[in-house]
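Some notes on the structure that comes next.
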Amino acid sequence: MKHERKPEGVLGVSLATALGFGAGILAGLVLGEWLGDVHPERVRRIFGGKREEEPTDPAQVEREVLRAFKSTSATRRLGLSARALDGGIIELTGIAPDERTRQVAGDTASRIAGAEIVVNRILVQGRDVPPGHIAPHVE
């Protein structure tokens, strides 16, 4: 004896959809009450994102960026400078031999704690300054 399955009617599909939607809303309300308020800071904290830290001393951030430049092979011998401003803004200046090195310097500075915004004003030799122009060496 074979039992043939009849196609679902519009009413059956509508009822199943409504039940699924209602169950989702109910689950969302229950979880919302259980988890409490959800806001960006709490989500970052839950998933291990960057935590809010005390304001960092701009001079310390500047020293750390310059130290990072000296420990990175692409930027070690360049006369790059970094100026830290309030609000986590770091301004990079100097001359790089190519665009890749300019980008490496910006990426290096952005990895420093307290460097929230990096303004990369490093010039590329041959493109932004005449070939052969040498930047003064910064110690």
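Among residues of segment 62-75 that are farther than 15 Å from A113 by Cβ, those with a Cβ under 7 angstrom from a residue that is in a helix (DSSP H, G or I) and open to solvent by less than 20 Å² (accessible area, probe 1.4 Å), sequence gap 6+ or separate chain, pair up as F69/A105; F69/T108; T72/T108; A74/T101; T75/F69; T75/T101; T75/A105; T75/T108. Restricting the search to segment 97-114, which residues are open to solvent by 30 Å² or more (accessible area, probe 1.4 Å) and not β-branched (V, I, T)? Selection gives P97, D98, E99, R100, R102, Q103, D107, S110, R111, A113. In this structure, G126 does not qualify as modelled with pLDDT under 90 and within 18 Å of the chain's Cα centre (by Cα).
With respect to I89, determine if the residue is within 21 Å of the chain's Cα centre (by Cα) and surrounded by 12 or more Cβ atoms within 10 Å (Cβ to Cβ).
Details: within 21 Å of the chain's Cα centre (by Cα): yes; surrounded by 12 or more Cβ atoms within 10 Å (Cβ to Cβ): yes.
Answer is yes for this residue.
For segment 65-86: of the residues being touching an Asp or Glu at 6+ places or on another chain (Cβ under 6 Å) and at pLDDT 90 or above, which is most open to solvent (accessible area, probe 1.4 Å)? I'd like the intermediate steps shown before the answer.
Step one: of segment 65-86, the residues touching an Asp or Glu at 6+ places or on another chain (Cβ under 6 Å) are 82-84.
Then drop every residue that is not at pLDDT 90 or above, which leaves 82-83.
Values: A82: 10, R83: 124 Å².
The qualifying residue most open to solvent (accessible area, probe 1.4 Å) is R83.
The values are calculated or read from the model by the stated rules, or taken from the named source; none is laboratory data. These numbers come from a predicted model, not from an experiment. Don't worry about glycine lacking a Cβ; one is built from the backbone with ideal geometry, like all the others, and counts go over all protein chains shown. For the accessible areas, the whole protein counts, side chains as well, though only heavy atoms, and no ligand, DNA or RNA atoms are used. Shrake-Rupley method; radii C 1.70, N 1.55, O 1.52, S 1.80 Å.
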